[in-house]
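Nothing in this text is a laboratory measurement; each read-out follows from the coordinates by a stated rule. Small disclaimer: the values here were computed from a predicted structure and weren't measured. Here Cβ is always computed from backbone atoms with ideal geometry, including for glycine, and neighbour counts include all displayed protein chains.
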Amino acid sequence: MMTNLFSIFDPSTNIFNLSLNWLSTFIGLLFIPYSFWFLPNRFFMLWNFISFKLHNEFKTLMGINSFNGSTFIFISLFFFILFNNFLGLFPYIFTSTSHLNLSLTLSLTLWLSFMIYGWINNTQHMLIHLIPQGTPTILMPFMVLIESISNIIRPGTLAVRLTANMIAGHLLLTLLGNSGMNMPNYLLIILIFMQILLLILEFAVSIIQAYVITILSTLYSSEVN
């Protein structure tokens, strides 16, 4: 039972000895050509509206010292995670964001780029961040240790947060779906209703998690400027 249950998160599942599960990562590209059919259409206007709102918010978080156009990195990250989270709710589509291979790659790459840029260009600023203002002298070594550890585990926390939230909801949906085969009809109607509510909740979680990961990445980048 447990092997079958967790096999939905196993990217090694293959068809004709070809690992095709990771192709689900590129399904989000199918949404983009719609914007070229007839302009301006509703999809294109919605896309521009969301992008503009995210750009304004990320620009505020990153501060006045940020580079022009740097917000589009995080806007692209938001849409990439959002599409992967959302498409994973459809049957027989592998949720690539529920695997640490993808989420840890994204978070570790962003974190390393922030750290390398910060320590090379703003070394003094990075050292100041290790000791909060007003820290007593006797506590400074401990604060440096604590701040260093909290900084090092950031990519891990980003990756695990996204992966755990995606796995938790899908596991619950799978468990409830597998239990419906032996239920009487009156309980089956209740189960279907609960599954619909859980799908709506998972849809909201897919949006919230994409937004949270992007906001945290933006805040991490603002600390190196």
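A few remarks follow.
- Comparing mean-square fluctuations of VAL160, VAL144, VAL212 from a GNM of the chain with C-alpha springs under 10 Å, the top value falls on VAL144.
- Pairs of Cα atoms nearer than 8 Å and 6+ residues apart set the relative contact order; for the range 2-222 it is 29 percent.
- Rg over Rh, two decimals, the chain (C-alpha only, Kirkwood Rh): 1.05
- Rounded to the nearest 500, the 222 nm mean residue ellipticity of the chain from helices alone is -22500 deg cm²/dmol, with -39,500 (n - 2.57) taken per DSSP H run of at least 4 residues.
- Counted without the sites themselves, the longest stretch of the chain free of chymotrypsin sites (Phe, Trp or Tyr not before Pro) in a DSSP loop having at most 14 other beta carbon atoms within 10 Å is 93-225.
- Length-normalised contact order of the range 99-225 in % [C-alpha pairs under 8 Å, at least 6 apart]: 42 percent
- Candidates ILE190, ILE73, ILE208, ranked by Gaussian network fluctuation over the chain, Cα under 10 Å, top entry: ILE190
- Within a Gaussian network of the chain (alpha carbon springs, distance under 10 Å), most fluctuating of LEU171, LEU102, LEU188: LEU188
- With viscosity 0.890 mPa s and temperature 25 °C, the Kirkwood radius over alpha carbon pairs of the range 125-210 converts through Stokes-Einstein to a diffusion coefficient of 147 µm²/s.
- The label point for LEU145 and the one for LEU199, both projected 7 Å from the Cα toward the Cβ, are 5.2 nm apart.
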